Amino acid sequence: MKKRTYKKTIQKSGILEICMVFCIMLILPINISLFVSDSADTEKKEKKVLDSEIEWQVLHELAAVIPVEYEEETLKAQAVILRTNILADGEQLQEFPLLFTYKEKWGNQYNENCEKLLRVVTETEGMYLVNEGAYVRTSYFRLSNGSTRNAAECLGKKYTAFTAKKCGNDLLSEEFVWKKEVGKQQFFTKLVSMTGEQMTVDAWEKTEITYARDSAGYVLSVSFGSIRIGGEIFRQAFFLPSSDFTISCENDTIFITTRGIGNGIGFCQYGANEMAKEGKNFLELLNYFFTNIAISKTE
C-alpha cells in the first residue's frame, strides 16, 4: 500500500515538474523578446538624441551646469529648462565641454555618469516649458537663501513665471554661508571706480551703509551715504556668489557675508534635489518652481 502511494506521488511530482518546465519554455521566449524589444527601443531613442543638435547641446550643457550626482528627477527638470532656453534663444547653440573632458574628474564613475545623463535627456527628449503659448526664457541657480525671489520685484512685472518659493532645506547646505575678506583700501578703491565719486577712505568710513532688499532678502541696492549701487552690480564687482549680502568692517578688513549661490530667480537646483529625494518627480519640481507654465513637446 505504502509503496503504491509512494510511486503515485513520484509520478505526480514528475508530471508537475514536466509541466512547469514546459510552461517556463513557453514563457521564456516571450520575456526575452520583451527585454530585447525594450533594449532596442531604448537604443533607438538614445540614437535619436545623439543625432539631434538640440538634444546633443542639452546633454553636454547638463553636465556643465548641475552636479551629476544629483537625483535623476532633478536632472530631468534641469534638462527641460536647458532645452527651453535653447528654443527660446532661437536654437542658438553654444559651446560646452564634451563629456570625455570629465573623464579625469569623474574617475571610475565616468561611464555610469555618461549613461545617467544620456538616460535623463532621452527620457525628457523634446520637452520644453511654455507660458501663454510662448517659450519661457527660464532662470536657474544653485542654492537659495531659503527662498527663491519674486522676479517682478527686481526684473519687472512681466516676469510672472518666477514667484517666491520656500526652500527651507537650503539652509542645511554646507555652502549656504560664504564670507569674503577684502582689504579696506582695495574695497574703497573699487567703490570709487564703480561710482566715480572721489572720496577718501576716511570719508567713506563715516558713511552709513544701508540696504534695499526684496521680499526674499536679496539686495536690490546698497547705499553708502547718498551713493547707491545696484545689488547685482555690487555682487558682480566683488565676485560674490549671491546678492543676499551684508558688509561689515573690522580694523583694516572689510567682510562681505553672503547667503546662497546664484541670482535666486527660478529653479533652485539644491532645493529641487532635496524635494526629489523625498519622492517628487521632475514634473512636480517644475510646477513648484515656475508659475503659470505648461510643458509641451516637439514633434
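The values are calculated or read from the model by the stated rules, or taken from the named source; none is laboratory data. As the structure is a computational prediction, the values presented were derived from the model and not from experiment. Every residue, glycine among them, receives a Cβ derived from its backbone with ideal geometry; neighbour counts consider all protein chains shown.
Taking (1) touching a residue at least 12 places away in the same chain (Cβ under 8 Å); (2) within 21 Å of Val65 (Cα to Cα) in turn, Ile209 satisfies each apart from (2).
Output yes when any residue across the stretch 91-114 is within 16 Å of Ile295 (Cβ to Cβ) and free of Cβ contacts under 8 Å to residues at least 60 places away in the same chain, and no when none is. Scanning the stretch 91-114 turns up no residue that is within 16 Å of Ile295 (Cβ to Cβ) and free of Cβ contacts under 8 Å to residues at least 60 places away in the same chain.
The set of residues from the stretch 252-285 being in a loop (DSSP other than H, G, I, E, B) and either among the polar types (S, T, N, Q) or more than 16 Å from Tyr140 (Cα to Cα) (or both) comprises Asp252, Asn263, Glu278, Gly279, Lys280, Asn281. The number of residues in the stretch 139-154 that are assigned to a loop (DSSP other than H, G, I, E, B) and closer than 14 Å to Val65 by Cα comes to 2. From the list Phe238, Phe282, Phe255, Phe224, exactly one residue is closer than 28 Å to Thr74 by Cα and among the hydrophobic types (A, V, I, L, M, F, W, C). Which is it? Among Phe238, Phe282, Phe255, Phe224, only Phe282 is closer than 28 Å to Thr74 by Cα and among the hydrophobic types (A, V, I, L, M, F, W, C). Among the residues of the stretch 128-137, the one identified as touching a strand residue (DSSP E or B) at 6+ places or on another chain (Cβ under 6 Å) and surrounded by fewer than 20 Cβ atoms within 10 Å (Cβ to Cβ) is Val130. Outside the structural domain of Ile66 (by TED's automatic domain parsing) and surrounded by fewer than 15 Cβ atoms within 10 Å (Cβ to Cβ) - does that describe any residue in the stretch 138-154? Checking the stretch 138-154: not a single residue is outside the structural domain of Ile66 (by TED's automatic domain parsing) and surrounded by fewer than 15 Cβ atoms within 10 Å (Cβ to Cβ).
Here's the yes/no breakdown for (1) small (Gly, Ala, Ser); (2) outside any loop (DSSP other than H, G, I, E, B); (3) modelled with pLDDT of 95 or more; (4) on the phi > 0 side of the Ramachandran plot:
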position: Trp106; (1), (2), (3), (4): no, yes, yes, no
position: Gln109; (1), (2), (3), (4): no, yes, yes, no
position: Leu118; (1), (2), (3), (4): no, yes, yes, no
position: Tyr128; (1), (2), (3), (4): no, yes, yes, no
position: Arg137; (1), (2), (3), (4): no, no, no, no
position: Gly156; (1), (2), (3), (4): yes, no, no, yes
position: Tyr159; (1), (2), (3), (4): no, no, no, no
position: Phe162; (1), (2), (3), (4): no, no, no, no
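From the list Gly262, Gly271, the one residue that fits, being closer than 25 Å to Val130 by Cα, touching a Cys at 6+ places or on another chain (Cβ under 6 Å) and modelled with pLDDT of 95 or more, is Gly271. Residues that are of a type outside the set (A, V, I, L, M, F, W, C), surrounded by fewer than 20 Cβ atoms within 10 Å (Cβ to Cβ) and either in contact with a His (Cβ under 8 Å, 6 or more places away or on another chain) or outside the structural domain of Glu232 (by TED's automatic domain parsing) (or both): does the stretch 73-84 have at least one? The answer is no; no qualifying residue exists.
Restricting attention to the stretch 79-103, the residues being of a type in the set (S, T, N, Q) and part of a helix (DSSP H, G or I) number 3.
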